[in-house]
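The values are calculated or read from the model by the stated rules, or taken from the named source; none is laboratory data. Just so we're clear, the structure is a prediction, and the values are computed from it rather than from any experiment. Reconstructed Cβ throughout: ideal geometry from the backbone, glycine too, with neighbour counts over all protein chains shown. Heads up: the accessible areas ignore ligands, DNA and RNA and are worked out on the full protein's heavy atoms, side chains in. Shrake-Rupley method; radii C 1.70, N 1.55, O 1.52, S 1.80 Å.
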Amino acid sequence: PEPVDPLNQQAVIQPPIRMIHSQLVLVNRPVQSLMYTAVVIRDSAILLPEQDQRRKRMLEALYVAMDQFVGLTTQEIREGGEISRIEQKLRGRVGEIGGHAEGTIHMVGQSHIDIAWLWPARETVRKTSRTFSTVNALMDEYPDYQYAQSQPLLFEYLKDNDPVLYEKVKARIREGRWELVGGMWIEPDLNIPSGESLMRQMLYGQRFYLEEFGRTSQIEWLPDTFGYCASLPQILQHGGIKYFMTTKLGWNDTNVFPYDLFDWVGIDGTPMLSYLNHGVNENTLPKD
């Protein structure tokens, strides 16, 4: 939920929660897995042109699986073995059709944590611990899970307030699964501060990363900063940065920015390889 914003009058996308009901449930994992598979196949099929034979064959494969599911007893559903066999047959049929193999998405987890935005700064301290704890648990559960986190200040919050978790995070960074991005102390405004201020952002941020983790960031990670000063490539290069990432250029509803991977050349001629990501809060749905 989001609080009402009296300052900016932004529309509340998720209204505050007025009442919560809690239930303790045991998830039927085979049924859940079959549901995810069926949803992906359905969404893939309806994205294909109507005249595409793969669409027809994928839907037929779904109907066969549905008929098999409906024929199961309650006990068979609870035990899950037959459910898993239905799913494997369904996946095999769709694999033969080829409708699910149009491309591969490589995903890296990331948490965009505003230091102060519609909540007190003390909430950021708690949010950091909750977020980093969740990421560490996901890494225990999924060995291939990769994660990137910006803003050295957040790591300092963790060091000062949750030292046990901080040591676990340091171990993840040593593993190479937790990547340090955003060498500035925070993700700052880039229009009002002076060049001296921005240089100190780089100095304090990269120094903290080096002293605490034995490495610095090569990627300046500024997805949500409203505007970029023309001297930034030069400042970032002084801080040991090689790459720049943002999403904000895509927010312009009048002048569409024409590139997503490009060299941003600063006013002194310094080039910075830059990437315009198409947004945050990504999904892994067939449409994506």
Please go through region 171-238 and write out the chymotrypsin sites (Phe, Trp or Tyr not before Pro) that DSSP classes as loop and that have at most 15 other C-beta atoms within 10 Å.
-> PHE226
Sorted by mean Cβ packing within 10 Å, highest first, what order do the peptides 117-123, 187-193 take?
-> 187-193, 117-123
Region 80-140 pair-distance distribution - Cα-Cα, 5 Å bins, rounded % = 3, 13, 13, 10, 9, 12, 11, 9, 8, 9, 2
Over the chain, average the accessible area per residue using a 1.4 Å probe and give it in Å², no decimals.
-> 64
For region 226-237, just list the computed ³J(HN,Hα) in residue order, Karplus coefficients 6.51, -1.76 and 1.60, θ = phi - 60°, integers in Hz, with x standing in for Gly and Pro.
-> 8, x, 9, 6, 5, 8, 4, x, 5, 5, 5, 4
Over region 150-281, with every protein chain in place, what whole percent of the accessible area is carbon and sulfur at 1.4 Å, could you tell me?
-> 53
Would you kindly compute the Cα radius of gyration of region 139-288 and its largest Cα-Cα separation (Dmax), both in Å?
-> 16.4, 48
For region 209-288, what proportion of DSSP beta bridges, expressed in % and rounded to the nearest 5, is antiparallel?
-> 40
For region 7-144, what is the Kirkwood hydrodynamic radius in Å, using each pair of distinct C-alpha atoms?
-> 19.4
For region 202-262, what does the equivalent ellipsoid look like in terms of its semi-axes, each the square root of 5 times an eigenvalue of the Cα gyration tensor, given largest first in whole Å?
-> 27, 11, 10
If the cut-off is 19 Å between C-alpha atoms, which aspartates and glutamates fall inside it for LYS170, apart from same-chain ones fewer than 8 positions away?
-> ASP140, GLU141, ASP144, GLU156, ASP160, ASP162, GLU179, GLU211, GLU212
Among 139-149, 80-90, how do they line up from the highest to the lowest mean number of other beta-carbon atoms within 10 Å?
-> 80-90, 139-149
Taking the Cα atoms of region 85-224, report the difference between the largest and smallest coordinate on each principal axis, in whole Å and largest first.
-> 61, 35, 33
Sorted by chain and number, the residues with a modelled amide H under 5 Å from that of GLY109, at a separation of 5 or more or across chains, are GLN146, TYR147, ALA148
P(r) of the chain over all Cα-Cα pairs, binned every 10 Å from zero, in whole percent | 5, 20, 25, 24, 17, 8, 1, 0
In 5 Å bins starting at 0, how do the alpha-carbon pair distances of region 26-73 split up by percent?
-> 5, 20, 25, 22, 14, 9, 4, 2, 0
Restricting to the chain, compute how many DSSP beta bridges are antiparallel as a %, nearest 5.
-> 30
Within the under-13-Å Cβ sphere about GLN53, not counting GLN53, Lys/Arg +1 and Asp/Glu -1 give a net charge of 0
